[in-house]
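Encoded as structure tokens, the structure appears first; notes follow it.
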Amino acid sequence: MDFTPTDAQQAVAELADQILGDALDMERHRSVEAAGGWFDRDLWASLAEAGLLGIALGEDVGGAGLDAVALALLLRAQGNHVAPLPLLPSSVAALVVDRHGDDALRTRLLPGVVDGSTALTVAVQEHLDDRLDQPSCTFADGRLTGRKVVVEHLDAASALLVTADTTDGPRCVLVDTATAGIEAAEGTSTRRQPLFDVAFDGVPGEVVGDATTVGALLDHLRLGICATQLGVTERALSMTAEYTSGREQFGRPIATFQAVGQRLADQFVNVGGIRLATLSAAWRLANGVDAAEDLLVAKWWASDRATDVANATQHCHGGMGVATDYPLHRYTLWNKHLTTSLGAGTQTLRHLGALLAAG
């Protein structure tokens, strides 16, 4: 097992970091937030022009033909810059369609994802039920009925991939967001992103893939969350190291105080754990090896330990950390959002225990 990026994967990471870093500053973030929708469309177009939106899709639909590791590195870059984009749900939904959909669907849907004209999203979570692989939404006679919560970017997506129960067991169902029978109530997440509670009342859709597709969707969603969280925690920690090296008390930088140094050393270990577990899971997915256990381990690090990173980086910044004209607060809000996505630390451990007991 070698986590060293290939030249192509490293090129993805560097290009994404350059585009996102050049575009995003405090003023740009404020303007996107003021406009509403939590979606920097100009930046989305830049990523499409650079070929990054189809990085893990097949070359026959215009993608780059790379793997889960490349996608993880792209999402890590998004986390590094807390870029308000539907990159995670759209990329994962598109990857599942690419790997599990038929040629007609792939040809119809994916070129638009690659060129940025189409965004996708997913709907997998249900109210007060974390059994993600056992959806209560139903799909029968070509119609989808039920309710999903915490749906991201519904307002920007052309279609969404929904997990539903069928007579053949759980399946992924693709639904056009413009179809009648969809009702959505909008809320707001920790990171000030619109989230939707969505009800489906006999909405037409089409099944994508087979019995393995729901598992593939959940696996890649977990990987995407962990990879994004890796970027968030890496940048928050480096920002804190820089701040404490320059902030002085009693005539010397606070980074030289033993308590501060020890606390940040603990966070260095925590971020390293997120990195190792995430890249291990990405490598396994990319190489066709069962990654279920690794993904749950990575998700625990990206939930429980990432919370420690958020608390420590805020504490070491003091009052500066919560100032809205200083960038750290966005990283903390993103951290909190990602920590609970698809289940926080305790829920993740429960799923991991069930997996180990079943094995």
Could you derive backbone 3J(HN,Hα) for the stretch 9-26 from the dihedral phi with the Karplus parameters 6.51, -1.76 and 1.60 (θ = phi - 60°), listing whole Hz in sequence and x where the residue is Gly or Pro?
5, 5, 5, 4, 4, 5, 5, 4, 4, 5, 5, 5, x, 5, 8, 9, 9, 4
Let me know the Rg and Dmax you get for the stretch 59-144 when you use only its Cα atoms, in Å.
15.0, 44
With angles folded into 0 to 90 degrees, how steeply does helix 328-340 sit against the dominant principal axis of the chain? Use alpha carbons for both and round to 10.
40
Pairs of alpha carbons in the chain whose separation is greater than 33 Å (percent)
26
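Before anything else, pin down the relative contact order of the chain: Cα pairs under 8 Å, at least 6 apart, normalised by residue count, whole percent.
16
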Using modelled backbone amide H atoms (1.01 Å from N, in-plane), which distant-in-sequence or interchain residues come within less than 5 Å of residue 208's amide H?
172, 173, 174
On a C-alpha basis, how far is the centre of the stretch 38-110 from the centre of the stretch 164-183 in Å? Whole number, if you could?
22
Obtain the nm distance between the two label points defined at residue 104 and residue 158 by a simple spin-label model: each point lies 7 Å from its Cα along the Cα-to-C-beta direction.
1.8
Based only on Cα atoms, what mean projected area does the convex hull of the stretch 121-208 have, in nm²?
5.3
Summed side-chain charge close to residue 163 - residues other than residue 163 whose Cβ falls under 10 Å, Lys, Arg +1, Asp, Glu -1
-1
Protection proxy ranking of 186-199, 247-260 - average other beta-carbon atoms within 10 Å, highest first
186-199, 247-260
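No value in this document is a laboratory result; all are computed from the given coordinates. Because the structure is predicted, anything quoted here is derived from the model rather than measured. Cβ: placed from backbone, ideal geometry, glycine included. Neighbour counts: every protein chain shown.
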